[in-house]
Every structure is written in C-alpha cells, then in structure tokens.
1. So how long is each side of chain A along the principal axes, counting just the alpha-carbon atoms, biggest first, in Å?
2. Tally Lys/Arg at +1 and Asp/Glu at -1 over every other residue whose Cβ is under 9 Å from the Cβ of B:Ser75; what's the total?
3. I'm checking a number: the convex hull volume of the Cα atoms of chain B, normalised per residue, in Å³. What is it?
4. Given Cα positions, please report Rg to Rh for the stretch A:52-114, the hydrodynamic radius being the Kirkwood one.
5. Just to check I understand the Karplus step: with θ = phi - 60° and J = 6.51 cos²θ - 1.76 cosθ + 1.60, what whole-Hz values come out for the stretch A:58-71, glycine and proline as x?
6. Give the whole-number value, in cubic angstrom per residue, of the convex hull volume spanned by the C-alpha atoms of the protein assembly as shown.
7. Could you list, in their original order, any pairs among A:Lys49/A:Lys78; A:Lys49/B:Lys11; A:Lys95/B:Lys11; A:Lys71/B:Lys57 whose Cα atoms are separated by more than 23 Å?
8. If I model a spin label at B:Glu20 and A:Ser3 as a point 7 Å from the Cα along the Cα→Cβ vector, what separation in nanometres do I get?
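Throughout, read-outs are computed from the coordinates displayed, never taken from laboratory work. Just so we're clear, the structure is a prediction, and the values are computed from it rather than from any experiment. Every residue, glycine among them, receives a Cβ derived from its backbone with ideal geometry; neighbour counts consider all protein chains shown.
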Amino acid sequence: AQSVSQHNHHVILSEAASLELGCNYSYGGTVNLFWYVQYPGQHLQLLLKYFSGDPLVKGIKVFEAEFIKSKFSFNLRKPSVQWSDTAEYFCAVNKKSGYSTLTFGKGTMLLVSP
Amino acid sequence: GAGVSQSPSNKVTEKGKDVELRCDPISGHTALYWYRQSLGQGLEFLIYFQGNSAPDKSGLPSDRFSAERTGGSVSTLTIQRTQQEDSAVYLCASSLAQRGGQETQYFGPGTRLLVL
C-alpha cells in the first residue's frame, strides 16, 4: 500500500518569506500526485495536481510543485507567502491503475504572520 | 453550482449510541468517498462507492462502521455503539471517477462528531 509523509507538522513564516513544504510518498508503481489546502473555516480544496508531462506544475495563488521521480517527492513551493496563505496543506497520492482512492499525508499547518 | 453537502454539521452523542451522518454529493458525480480527519492524523480513507460496483470498504476501522449509497446519490455513514475514539471530523467527497485516478475530489464541509 502507498503512504505519504509530510515532514513538517507546523510551519511559521513572516509575510514575503519563501515557502517549501516537503512531501514524499512510497509506492512502487506510477502515481498521480495532489496538494489540497484547507483554509480556516473552509472546505478542503484542490491546490494543484500532477498526472504526467512537465514535472513542474502550477496551481492557484502562485503555488507550484515539482515531481522528482527519483526522490519520490512532490514538494510544494511559493516564492512569497501572504497572510491569506495561512491554512493546512495536505499532500496526497493515488495509483494510476483502475479506480484508486487517495492516500493523504498528515498535513502541514502553515501560519503566516503579517 | 451546488457543492458537496453534509449533515449534521456537528453531532454530540453519548458513548454507546448509534449515529448517522449524511452526504449529498455533487449531482452527476459517480464516485463518493468517506474520510475521517482526526487531530494530527490527516485524512484516513474509510469507504468508496463507484457507480454500481461493490463499495471498497477496506478503510473501515471496525464492523461498527457501515455505509450505504442509495440510488447512486446520497450516502449515509452509520457508526454503531459509538466509542470516544470515534470522535473526529467525517468528510465526504465526490468526483467524476476516472480510470487511472486522474480526477479531482470535491469535499464537503464535514461533520464534527464528539462522543462523550
């Protein structure tokens, strides 16, 4: 079975700082990769996804993530965070075979101070 | 359009009681998922419905948990004889299921369950 590891449970940054949230997965086959975000009081929503092609994917609000197959990683980045980026971020993976459910990491809580 | 809705928003119950949680998926979505979100534990998959296929129940933690989906739409998650460790946020998601997993799941607001 696949698993997802997010290295940081809590991250605190000042506005305009750069962000990188780590995500590693374990699975021997080919996968799809996702980052979901949950803003305070809101539903979990998709931030970006990788299925195939260019390993650098861009999502909403200037977020991007890079799939490095050799490292089984899919780290999330943003060059300059804003107070409104305060949220919990979840990395997720599913298999490319048949119908497959998502396996989520435990999440990283990001707090951006103004 | 309307998103995924769940009811109730909050549920407080006593240990040993049964509870039912409801999910209304996005109209036309063939797949429906239940997850459990506990503090510091991320999202734990519980059960998955896809069209008319038999549900994938591999994530249910015990036989006290069951779920059904009527008419390919509304789903109910039932927890019998609730225990304190069942306290969590129960999330429902739906999607237009795609072979190969290339789909976006849309989540509801969740039901926060507290077992006293």
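1. 44, 27, 22
2. 0
3. Each residue corresponds to 102 Å³ of Cα convex hull volume.
4. Computed over Cα atoms, the ratio is 1.01.
5. Using θ = phi - 60°, the values come out as 10, x, 6, 6, 6, 6, 9, 9, 10, 8, 10, 4, 5, 9 Hz.
6. Cα-based convex hull of the protein assembly as shown, divided per residue, equals 126 Å³.
7. A:Lys49/B:Lys11; A:Lys95/B:Lys11; A:Lys71/B:Lys57
8. 3.8 nm
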